[in-house]
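Encoded as structure tokens, the structure appears first; notes follow it.
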Amino acid sequence: METREQRPPNGPRGNGGAHGLGERLDKASQAAGQTWSRARDTYTDVRAAVDLPGRVDRHPYGTLAAALGIGYVLGGGLFTALTGRIVGLGLRVGLRLAVLPLIKDEISDLAEMLGQGDERAPGEATVTRDDAGERT
């Protein structure tokens, strides 16, 4: 059986590991400081690129709408029943607004045709008559 003196101590030999632990703590502290400095520089660069205060001053309602939309999506609202209803309503309104001008044009063409007293069917060729009353 081994005695306590025969087994090597944990950590570096000599001073019991106090010097090695201090060096490791210094290295970890330096690494943390460098990481913090890089993160701060990155934040400053992103903040300058985004220019959020300037955007808010130029487009306050657009910025508010963007913040609401981003919050809604990040909050998990993208795949909910409310989103389905909103998208459905938007599609119905959009289709109605897209089809409305087409229907309006067709109705105005029909009213114009009826207003002229033209008895021809839609799509039928126009018949003209010369001074003698003959068809041309």
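The values are calculated or read from the model by the stated rules, or taken from the named source; none is laboratory data. If you're wondering where the values come from, they're calculated on a predicted model, not measured in any experiment. Cβ: placed from backbone, ideal geometry, glycine included. Neighbour counts: every protein chain shown.
Give me the residue from segment 76-88 that is of a type in the set (G, A, S) and modelled with pLDDT under 90 and, out of that set, surrounded by the most Cβ atoms within 10 Å (Cβ to Cβ).
Residues of segment 76-88 of a type in the set (G, A, S): 76-77, 81, 84, 88.
Subset that is modelled with pLDDT under 90: 76-77.
Working: G76: 8, G77: 13.
Per the criteria, the residue is G77.
Among the listed residues L21, L91, identify the single one that is out of contact with any Leu (no Cβ under 8 Å at 6 or more places or on another chain), surrounded by 10 or more Cβ atoms within 10 Å (Cβ to Cβ) and at pLDDT below 90.
Just a single option satisfies the conditions, and that option is L21.
Residues are listed down the side, and each one gets a yes or a no for (1) within 20 Å of the chain's Cα centre (by Cα); (2) in a loop (DSSP other than H, G, I, E, B); (3) among the acidic types (D, E); (4) at negative phi:
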site: A39; (1), (2), (3), (4): no, no, no, yes
site: A48; (1), (2), (3), (4): no, no, no, yes
site: V56; (1), (2), (3), (4): yes, no, no, yes
site: Y61; (1), (2), (3), (4): yes, no, no, yes
site: A65; (1), (2), (3), (4): yes, no, no, yes
site: Y72; (1), (2), (3), (4): yes, no, no, yes
site: G76; (1), (2), (3), (4): yes, yes, no, no
site: F79; (1), (2), (3), (4): yes, yes, no, yes
